[in-house]
Each structure stands twice: as C-alpha cells, then as structure tokens.
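Please read the structure below before turning to the comments.
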Amino acid sequence: MKQFEWLQTEYSELEKAGLARHLRTVMSAPTATINLDGHDVVNLGSNNYLGLSTHPDVITAAVEAIQVYGTGASGSRLISGNSKLYTTLETNLATIKGAEAALVFSSGYTANLSIIPVLARESALILSDALNHASIIDGCRLSRATKKVYQHCDVEHLKTLLAESSEFKRKLIVTDGVFSMDGDIAPLRDIYDVALNYNAMLLIDDAHGFGVLGKDGGGTVAHFGLQDTDIIIQMGTLSKAVGGLGGYVAGSSALIELLVNRARGFIFTTGLPPATLAAADAALKIMNSSPDLQQRLLKHAETLKTTLTKIGYTLLPSQTQILPVVLGEPQRTTDVAKALFAEGVFAPAIRPPAVPPGTSRLRVTAMATHTDTEIQKAIDGFACVTHLASQR
Ligand SMILES: Cc1ncc(COP(=O)(O)O)c(C=O)c1O
C-alpha cells in the first residue's frame, strides 16, 4: 500500500537514531523483582514505589468491590457511573491533601488534559517549567492559552516572565512537584510566593511526590508545609505510589464544581472500574498509617545514589526515589540497560523526546519493598557494567 510507505520510513529513522521503542512483557506481579520477558530481574523501573499494588489488603478490597459492584462502571460519572466508592475515595483524597474537595479522573494524563484548559483559556497566560511532564505540555496545548516556558526550577526567570506579562489578567503557574525524569523537587515555597505576588494560580502535578514526601505521604505541598487552596491546586495520580490507576485534583469546592461541569476528560468518558477505586482507597489507608514504607523507600534510594556515584556513575542531583543515571547518547544508554539486564537488573533507558537530547539516562527507581539483598544485587550489576557506561 503506497499510502502507508511513510510508516516504515518514519520507523526506520527512529531505529537509525537509536530512538525506537519496543514493548516488553512483564510475566509476574510488579514486585521488587519481576519476571520480564522470561527473566527474573531486580526491578528498578517501577512507579509502584511503596509496593502497594500487591498488598494483601489492597487486593482484598479490589476483589470485594468486584463481587459487589461488578467489573465496570457502565457509564460516565455524570450519567450512571458514579458509585459511592468514588465519593469515599474523593473525600479521603481531599483530607490527605488538606483541600476542601477532590475529583478523580481516569488517569493522571487525562486529569492534566482536562484541568488545564478549564483553568486557562485563550486569553490566559500559562507559565510552565521547562521539564514539566508531557501531560502538562499537552494540557497547555489544548487550552490554547499563551504559554511561556521558564527555565527548570528557575524562580528568577519565572518572575521575569511574569513581570513582562502584565497584560494577562488570568495567570497559571504549573510545575511538577517531583520531576518525573530527574527526581528533583520544585522550589515550591518560592514559586508560591511568586504566585502570590503576581496574582497567579499555582497548579502542582504531584504524581511522584504523593505517598513519598511530606507527613503521611501527603506529597510535595505537605513537604513544604503550604496550605492555601485559594491559590494552590494539587493534581496527582493513583498510578504511582498508590499502585493503581486514576488521576485526581484537589482544591476548593468551587474548583471541583466547575471541573465537573467543564472538564471534558471528566465528562466524556466512562468511570473507573469499582475494583480500581476500592483498591486506591485501601492503598491510601496503608500509605497514611505506614510511615515506615516512606522511610524505607528513601533509605534505599539514598543507598543506590551514594553507591552508584562512588563507583563512577553520573547521577543528577535527585532528592527523591527517582535517580537519573545520565549516559548521554541513546545508543550507549540502551547498551548499558541491556548489559544490566544480563546481570539480572532492570533499569529502563529513557531517551528523547522523554528527556532533552544528549541527556539519555537510566531512570532508576527504588521501591520500599526491595530487600537489602535486592539493592545489593542491583549495585553489583551496575559495578559489572561500568566499562560500558564510561566509554565517552
Ligand atoms: C509528572 C506526571 N504527571 C502525570 C503523569 C500521568 O499519570 P498517569 O500515568 O496516571 O496517566 C505522569 C506519569 O507518567 C507523570 O510522571
């Protein structure tokens, strides 16, 4: 078919540049060691940071919900898909986030695509961190607002852009709380002060801070002790530390009421399966009552960070469970990932467009459920492949 020849050409170009991606098959539960493509490997590539997706209480809650409510929501939430499981989960999320109300979406990706166009329309200005997640970038595009990108975590640059933009009445600053590919934490206190000074709203994507930072895993806003729902809107996901699926936003009741009426990714899609909602709620309870999980996760991350640095790897200055081991070019990064895999360690290679060109990296993530033996096996694996990593 001539019409589709371009498909093969485009794919070949990706392959030539070392940027082609391939699906792999996980043949086990997403635990600290997984079976990937038939091989048992220490899992340094999971967002199931606290191991809650396989926690017995979470599984029981999911099974019970299926038995009572069946497998699907069977309707969009505004028609017939809004069970009381949603109400419970949203009440609990709002409490953990210190917000008046919360709203759950099908995924974190959908949440950003839905929230941003409601907050910022064509006449608004969005100020977005240069390393924000793709879902924020896509949400900004959908909004058709004017977007200005400030340099990563650079509060002075943010101020300069705002000072140049007095013609905009409605302004939205948007940032990851913990950056998904870098593991650093946004300087939220300073950004909050800027938002106050310039009369801007502040949207924080806490996908990777929730469950990890702050008291009871409340997230990045809790970590900084910021509580101001007049200015701050927190979004996040139930797909990382919570171990399930779904996105959420937490803020004022007025915000949530408007989103229910305006957020297209909320209105025009089917509700989440009951098991997913019940599992998330059970996971929140564990997250809230088990600070040891948070501590163990960050302890493992610290061990990996210091040891990998000591044996010669270049890590970006992460303060969290996300440890970027920067290797530069895509091919070297996939070569090191393959060699590690042969040593029984899975660390995913992250390449452009997920990260800027020249900064391809292994995105190493710890899990609270890793044993000390698994962490040591991971370190030994890295030690075996240093020669590949340092060929510059
Ligand atoms: C910062 C950030 N925001 C949003 C998302 C999207 O979340 P979800 O996977 O729940 O769609 C991700 C997931 O990778 C993320 O890292």
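The values are calculated or read from the model by the stated rules, or taken from the named source; none is laboratory data. Worth saying up front: this structure is predicted, and the values here are computed from it rather than measured. Every residue, glycine among them, receives a Cβ derived from its backbone with ideal geometry; neighbour counts consider all protein chains shown. Accessible surface areas use protein heavy atoms only, side chains included; no ligands, DNA or RNA. Shrake-Rupley method; radii C 1.70, N 1.55, O 1.52, S 1.80 Å.
Couple of notes before you dig in:
- Rounded to the nearest 10 square angstrom, His157 shows an accessible area of 50 square angstrom against a 1.4 Å probe.
- Axial C-alpha extent at least 15 Å, average Kyte-Doolittle at least 0.5 - helices from the chain (DSSP): 56-69, 108-119, 274-289
- Charges were assigned to the Cβ only: +1 to each Lys and Arg, -1 to each Asp and Glu. The resulting dipole of the chain about its Cα centre is roughly 520 debye.
- Restraint check, Lys97/Lys147; Lys215/Lys305; Lys97/Lys148; Lys169/Lys240; Lys147/Lys305, Cα-Cα greater than 30 Å: Lys169/Lys240; Lys147/Lys305
- Rolled with a 1.4 Å probe across the full set of protein chains, the surface gives Glu122 an accessible area near 120 Å².
- Qualifying trypsin sites (Lys or Arg not before Pro) in segment 257-343, where qualification requires a DSSP coil assignment and no more than 16 other C-beta atoms within 10 Å, are lacking entirely.
- Estimated dipole of segment 305-392 in Debye, rounded to 20 [Cβ of Lys and Arg +1, of Asp and Glu -1, Cα centre]: 260 debye
- Ranked order, Thr373, Thr229 - accessible area, probe 1.4 Å, largest first: Thr373, Thr229
- Considering only the chain, percent of DSSP beta bridges that pair antiparallel, nearest 5: 55 percent
- Euclidean distance between Cα centres, segment 78-129 to segment 322-392, Å: 34 Å
- Residues in segment 29-38 carry Karplus couplings, in order, of 5, x, 8, 5, 10, 10, 9, 10, 6, x Hz; the curve used is 6.51 cos²θ - 1.76 cosθ + 1.60 with θ = phi - 60°, and Gly or Pro positions show x.
- Accessible area in square angstrom per residue, segment 56-289, 1.4 angstrom probe: 40 Å²
- Largest accessible area first, the listed residues Cys153, Cys384, Cys140 line up as Cys384, Cys153, Cys140 when surface is computed with a 1.4 Å probe on the assembled protein chains.
- Solvent-accessible area of His22 with every protein chain in place, 1.4 Å probe, in Å² to the nearest 10: 130 Å²
- Overall, the ratio between the Cα radius of gyration of the chain and 2.2 N^0.38 Å, rounded to two decimals, is 1.00.
- Spacing of the two label points (7 Å from each Cα toward its C-beta) at Glu100 and Phe4, in nm: 5.2 nm
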